[in-house]
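Colleague: Quick one: the structure is below, questions incoming.
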Amino acid sequence: MAVSFHSENVNFPPIKKRTTAKWIRIVAENHGRHLGEISYLFCDDAKILEINRQYLQHDFYTDIITFDYSENNIISGDISISLDTVRSNSQKYQTEYIEELNRVIIHGILHLCGLNDYSKAEQERMRRAENSALLLLRDTFR
């Protein structure tokens, strides 16, 4: 099990790597999964757009892109997060930046655990899972 964190074109965000990795492991286990290799890349909008165009043929900005390499109950993947879009979304939704960042961090893990957000029902389930994970982070690690 390994969770790694990297940044490109941005300052590293205000997260505690060990705490965040432990939180991710617990959330995955709560969804019946075990951690394999998870790599986070914190970047800017230009980099996320480049990734979106190159690998997904999408020509738009997004807050997160998750590449899933999971096998069976072991989740693995590369997760790219645009801190520019996270900051914009925190302003748009009137949330604290760190809360929005943590929501996006765990959103990628929930995708790797098999949750989707295509339909309205799936979006609601994803939001409940995100909120539950955020409460776990607040109550367990703070």
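The values are calculated or read from the model by the stated rules, or taken from the named source; none is laboratory data. The structure displayed is predicted, hence computed values, not measured ones. Here Cβ is always computed from backbone atoms with ideal geometry, including for glycine, and neighbour counts include all displayed protein chains.
Colleague: Out of curiosity, is D59 over 16 Å from L137 (Cβ atoms), of a type in the set (D, E, K, R) and at pLDDT 95 or above?
Modeller: Judged against the criteria, D59 is not a match.
Quick grid of which residues meet (1) charged (D, E, K, R); (2) on the phi < 0 side of the Ramachandran plot; (3) surrounded by 14 or more Cβ atoms within 10 Å (Cβ to Cβ):
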residue: E8; (1), (2), (3): yes, yes, no
residue: N30; (1), (2), (3): no, yes, no
residue: C43; (1), (2), (3): no, yes, yes
residue: I51; (1), (2), (3): no, yes, yes
residue: Q54; (1), (2), (3): no, yes, no
residue: Y61; (1), (2), (3): no, yes, yes
residue: F67; (1), (2), (3): no, yes, yes
residue: I74; (1), (2), (3): no, yes, yes
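Colleague: Give I106, I48 a once-over and let me know the one that is without any contact (Cβ under 8 Å) to a residue 60 or more places away in the chain and either within 19 Å of I15 (Cα to Cα) or touching a strand residue (DSSP E or B) at 6+ places or on another chain (Cβ under 6 Å) (or both).
Modeller: So the residue among I106, I48 that is without any contact (Cβ under 8 Å) to a residue 60 or more places away in the chain and either within 19 Å of I15 (Cα to Cα) or touching a strand residue (DSSP E or B) at 6+ places or on another chain (Cβ under 6 Å) (or both) is I48.
Colleague: A further question on this structure: From the list L83, L135, L115, exactly one residue is at negative phi, surrounded by fewer than 21 Cβ atoms within 10 Å (Cβ to Cβ) and out of contact with any helix residue (DSSP H, G or I) (no Cβ under 7 Å at 6 or more places or on another chain). Which is it?
Modeller: Testing whether each residue is at negative phi, surrounded by fewer than 21 Cβ atoms within 10 Å (Cβ to Cβ) and out of contact with any helix residue (DSSP H, G or I) (no Cβ under 7 Å at 6 or more places or on another chain) leaves just L135.
Colleague: Of the conditions (1) in a loop (DSSP other than H, G, I, E, B); (2) within 14 Å of the chain's Cα centre (by Cα); (3) of a type in the set (S, T, Y), Y118 satisfies every one except a single condition; which number is it?
Modeller: Here Y118 meets the rest and fails (2).
Colleague: Now, a different point. Filter region 65-81 down to the residues that are touching a Ser or Thr at 6+ places or on another chain (Cβ under 7 Å) and either over 29 Å from E29 (Cα atoms) or touching a residue at least 24 places away in the same chain (Cβ under 8 Å) (or both) and list them by number.
Modeller: Hits for region 65-81 are Y69, S70, S76, G77, D78, I79.
Residue by residue, here is whether (1) closer than 24 Å to H6 by Cα; (2) β-branched (V, I, T); (3) within 12 Å of the chain's Cα centre (by Cα) holds:
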site	(1), (2), (3)
G77	yes, no, yes
S88	yes, no, no
H107	yes, no, yes
E124	no, no, no
N131	no, no, no
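Colleague: So if I check each of E130, E99, E124, which one is touching a residue at least 12 places away in the same chain (Cβ under 8 Å), part of a helix (DSSP H, G or I) and more than 24 Å from N73 (Cβ to Cβ)?
Modeller: Result of the check over E130, E99, E124: E99.
Colleague: Taking the condition among the β-branched types (V, I, T), touching a residue at least 40 places away in the same chain (Cβ under 8 Å) and more than 18 Å from H107 (Cβ to Cβ), does V27 pass?
Modeller: Against the criterion (among the β-branched types (V, I, T), touching a residue at least 40 places away in the same chain (Cβ under 8 Å) and more than 18 Å from H107 (Cβ to Cβ)), V27 does not qualify.
Colleague: Among (1) closer than 21 Å to K17 by Cβ; (2) within 16 Å of the chain's Cα centre (by Cα); (3) of a type outside the set (F, W, Y); (4) not in a strand (DSSP E or B), where does R138 come up short?
Modeller: (2)
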